[in-house]
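Have a look at the structure below, then the notes.
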Amino acid sequence: MSQRNWTSVKEYEDIKFDFFEGIGKITINRPRVYNAFRPKTVLELIDAFDICRERQDIGVIVLTGEGDKAFCSGGDQNVKGHGGYIDEGGVPRLNVLDLHKRIRSLPKPVVAMVNGYAIGGGHVLHVVCDLTIASENAIFGQSGPKVGSFDGGFGSSYLARHVGQKKAREIWFLCKQYSAKEAEDMGLVNTVVPFEQLEDTTVEWCKIMLQRSPMALRMIKRGLNAELDGQTGIMEMAGDATLMFYLMEEAQEGRNAFLEKRDPDFQQFPKFP
Ligand code: S0N
């Protein structure tokens with residue numbers, strides 16, 4: 001395994017957030033509970049993803065779990081109470097849904113680097129990421145109907161887009177666990193590598209994406225999301241079309257004419273077939 005000088009971006013209690021040559025690496029750091037998340041973990045993850053969105057020097061984000069046992073085992077059963085996962089103020093929350101939305105709308109590729117169990121809500125986390133690179137020891141599965149929860153949102157519908165309706169129902173109804181190879185065969189992960197090569201391969205894939213056009217990657221992610229996200233997906237894609245329009249002289253002519261108190265001259269711009 002190559003050694004990399006990851007530098008810490010920000011200190012948190014439940015996660016680690018590091019940077020290396022264009023890559024933001026976010027690690028759920030609760031190995032004692034197989035990287036299960038509590039509301040605080042999710043708030044920290046949202047904060048780190050928001051920083052990744054803003055930072056110009058971050059082009060790709062990697063999400064992983066600490067250690068060699070688990071990527072994430074879902075919601076922390078120790079803090080599950082009446083109405084959800086209880087935060088430090090005693091309020092029940094399901095704020096992981098806000099994290100799913102963040103990952104989907106972040107206009108940069110997000111790669112799940114799955115280093116062990118991806119179970120329950122931890123499985124959903126890799127499902128919502130753009131790519132999944134798994135180590136050979138990774139194990140995938142939903143556990144909700146066995147442990148008293150379910151995700152009828154992206155965890156079901158988007159999962160079905162990956163593996164098909166029949167397989168998605170099997171995964172949820174039976175709560176079986178699947179090896180990395182089985183997950184690869186059903187289209188749930190992009191590639192499987194030995195554990196020692198997991199980070200090397202992930203960084204290699206990230207570096208390839210960093211060489212690609214960020215706007216093209218952004219628009220592809222928007223297009224693939226829009227198919228499933230209805231009006232919200234169209235809104236995100238249209239927002240980026242507006243961004244590109246603002247970059248064109250044609251839009252600038254409208255603004256300039258307004259500020260200069262004259263009629264705009266749009267006739268100078270081509271009307272493409
Ligand atoms: C991961 C499993 C299969 C590993 O089994 P194994 O190897 O036998 O290890 P264990 O001894 O069981 O575990 C090791 C230690 O880790 C603790 N631990 C593991 N998972 C959790 C957890 N989720 N919460 C708290 N602690 C956990 C164990 O207790 C053990 O600690 P010690 O040694 O001290 O006893 C196996 O551990 C397993 O099946 N884990 C539970 C998986 C689970 O139930 N996850 C929660 C599922 N539910 C959710 O994620 C909620 C989803 C949700 O809320 C949601 C709802 C709507 C929309 C979206 C979501 C969403 O989150 O996506």
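A few points about this structure:
- Scanning residues 5 or more positions from Val193 or on other chains, those with amide H under 5 Å from its amide H are Ala134, Ser135, Glu136, with H placed 1.01 Å from N in the peptide plane.
- Shape call, region 123-273: gyration tensor on alpha carbons, a/c limit 1.5: prolate
- Using the Cβ-Cβ distance between Phe173 and Leu97 with R0 set to 30 Å, the FRET efficiency from 1/(1 + (r/R0)^6) comes to roughly 0.85.
- Separation of region 74-91 and region 251-273, taken as the distance between their Cα centroids, equals 55 angstrom.
- Shape category assigned to region 37-148 from the gyration tensor of Cα positions, a/c cut at 1.5: oblate
- Local electrostatic count, Asn78, Cβ distance below 11 Å [Lys/Arg +1, Asp/Glu -1]: +3
- Gyration tensor verdict on region 67-123 (Cα atoms; rounded if a/c is under 1.5, prolate if a/b is larger than b/c, oblate otherwise): oblate
- Distance between the 7 Å Cα→Cβ label points at Leu243 and Asp87: 2.8 nm.
- Antiparallel %, DSSP beta bridges [both residues in the chain], to 5: 40 percent
- HN-Hα J in Hz across region 92-107 - Karplus 6.51, -1.76, 1.60, θ = phi - 60°, x for Gly and Pro: x, 9, 10, 6, 5, 5, 5, 5, 4, 5, 4, 5, 5, 8, 5, x
- Taking every Cα-Cα distance in the chain and sorting them into 5 Å bins from zero, the calculated P(r) comes out as 1, 6, 12, 16, 17, 16, 12, 7, 4, 3, 3, 2, 1, 0 percent.
- Phi angles of region 74-86 translate, via the Karplus equation with coefficients 6.51, -1.76, 1.60 and θ = phi - 60°, into HN-Hα couplings of x, x, 6, 5, 5, 10, 7, x, 5, x, x, 8, 7 Hz per residue; Gly and Pro are given as x.
- Close amide-amide hydrogen proximity is noted between Gly75 and Phe37, Gly121, Gly122, each under 5 Å apart and 5 or more residues distant or on a separate chain (H modeled in the peptide plane; Pro and chain starts excluded).
- Long-range amide H partners of Arg93 with built H, under 5 Å: Tyr85, Ile86, Asp87
Any read-out appearing in this document is the output of simple, stated calculations on the displayed coordinates, not a laboratory observation. Here the structure is a predicted model, which means the values were calculated and not measured. Cβ atoms come from the backbone with ideal geometry, glycine included; neighbour counts cover every protein chain shown.
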